[in-house]
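Asks: Before anything else, here's the structure in question.
The values are calculated or read from the model by the stated rules, or taken from the named source; none is laboratory data. The shown structure was predicted, so the numbers you read here are calculated from the model rather than taken from an experiment. Every residue, glycine as well, gets a Cβ built from its backbone with ideal geometry; the counts of neighbours run over all protein chains shown.
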Ligand code: SF4
């Protein structure tokens, strides 16, 4: 079985990635706005709903965004979901403008799938540690060095990386697609999340060569703390996202994407759940099962050592003020003018990236997807 590997030496590359992620995180710390009073929040919400209605734009939000944005998306006739569902909704809805509350790769995916729609985000600064740690030049060299492998990339990548891939997958379809490729006798080059890659490799037995990066949120979940927590809540089911480390997944009752975690929380008889994914999802979990208790899985520990504490800092850059500012700009510019937070994807790159994205959507449409777990 192939080991995790990469073109440049691993310690060297990780040090560079760490620096890059740190510089983004420092920017985010400066970016965060103070919390709003109830009256200010209500005022923002009213103005945002008005702006969405008058512009005809549809808002699509990820489960990890602030609950107030998730509610706004649903109240305005938009959508809340995982990245696969967001991409589908954006493509299929009839609005000519999409507001994507999430992170940059989600905006790019929306633009790739709907090149004729205007796609804007509350801020283009909202990125992802996986996207940052998979730069196109290094990734291309990695692919060139392994020409006998089918290139499968996670959706959490840039448009350029997707354009270099044979398949794009989200966490909800990754296992099924790799199984499908394995049945066809294909060897796989996987990027960028090493934990998800390892989980798929261990589950399927596929021959996978892994890129080496991780989600800064899920990587902080700790098996030791989770075991302790389980002792405190012996009847709770553990639900984990596969971007979490292998030791955490080994304890989980159900491993799945955000949507699969939500479905499991509804289907299982347990009244308590320990959940190892971004805490933004708790809003939907609690709303769908108000009688159940959801407990966030332990991360690195205290505020001094935990940069994310189960809360993605980039998702947190989607705020009421940034959303309203993006909508207000939309109202004053001419149709042909570029907006500050408009997503553009080079047409040729977009066309190439569309193929592996479309392959995933076609596969997902043709196959009933499974929730994996011991529960
Ligand atoms: S939670 Fe992790 S994978 Fe998701 S956007 Fe944030 S850093 Fe990226």
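Asks: Just checking, which of 98, 72, 52 is in a strand (DSSP E or B), touching a strand residue (DSSP E or B) at 6+ places or on another chain (Cβ under 8 Å) and more than 16 Å from the ligand (Cβ to nearest atom)?
Replies: 98
Asks: OK, next. Can you work out which of the residues in region 132-150 that are without any contact (Cβ under 8 Å) to a residue 40 or more places away in the chain and not in a loop (DSSP other than H, G, I, E, B) is nearest to the ligand (Cβ to nearest atom)?
Replies: In this case the residue turns out to be 136.
Asks: Among the residues of region 220-265, write down those that are without any contact (Cβ under 8 Å) to a residue 60 or more places away in the chain and closer than 15 Å to residue 173 by Cα.
Replies: Listed by number, the list holds a single entry, 261.
Asks: Condition test on residue 178, is it more than 15 Å from the chain's Cα centre (by Cα) and away from the ligand (no atom under 14 Å from the Cβ)?
Replies: Answer is yes for this residue.
Asks: While we're on this one: Being modelled with pLDDT of 95 or more and not in a loop (DSSP other than H, G, I, E, B) is the filter; apply it to region 119-129 and report the residue that is surrounded by the most Cβ atoms within 10 Å (Cβ to Cβ).
Replies: So, considering only residues that are modelled with pLDDT of 95 or more and not in a loop (DSSP other than H, G, I, E, B), the one surrounded by the most Cβ atoms within 10 Å (Cβ to Cβ) is 119.
Asks: Taking region 21-57 only, how many residues are surrounded by 10 or more Cβ atoms within 10 Å (Cβ to Cβ) and at pLDDT 85 or above?
Replies: Going through region 21-57 one residue at a time, the tally reaches 19.
Asks: Checking residue 84 against (1) crowded, with 20+ Cβ neighbours inside 10 Å; (2) touching a residue at least 60 places away in the same chain (Cβ under 8 Å); (3) not in a helix (DSSP H, G or I), which test does it fail?
Replies: Tallying (1) crowded, with 20+ Cβ neighbours inside 10 Å; (2) touching a residue at least 60 places away in the same chain (Cβ under 8 Å); (3) not in a helix (DSSP H, G or I), residue 84 fails exactly one: (3).
Asks: To continue, here is another question. When the residues of region 101-118 are filtered to those that are under 15 Å from residue 340 (Cα atoms) and surrounded by fewer than 24 Cβ atoms within 10 Å (Cβ to Cβ), which remaining residue is farthest from the ligand (Cβ to nearest atom)?
Replies: 118
Asks: Shifting gears a bit: Check whether at least one residue in region 288-295 is touching a helix residue (DSSP H, G or I) at 6+ places or on another chain (Cβ under 9 Å), assigned to a loop (DSSP other than H, G, I, E, B), more than 15 Å from residue 64 (Cα to Cα) and at pLDDT 95 or above, and report yes or no.
Replies: yes
Asks: Working carefully through the options 246, 214, find the one that is at pLDDT 95 or above and either within 16 Å of the ligand (Cβ to nearest atom) or surrounded by fewer than 18 Cβ atoms within 10 Å (Cβ to Cβ) (or both).
Replies: 246
Asks: Touching a strand residue (DSSP E or B) at 6+ places or on another chain (Cβ under 8 Å), more than 21 Å from residue 260 (Cα to Cα) and crowded, with 23+ Cβ neighbours inside 10 Å: is that true of residue 153 in this structure?
Replies: no
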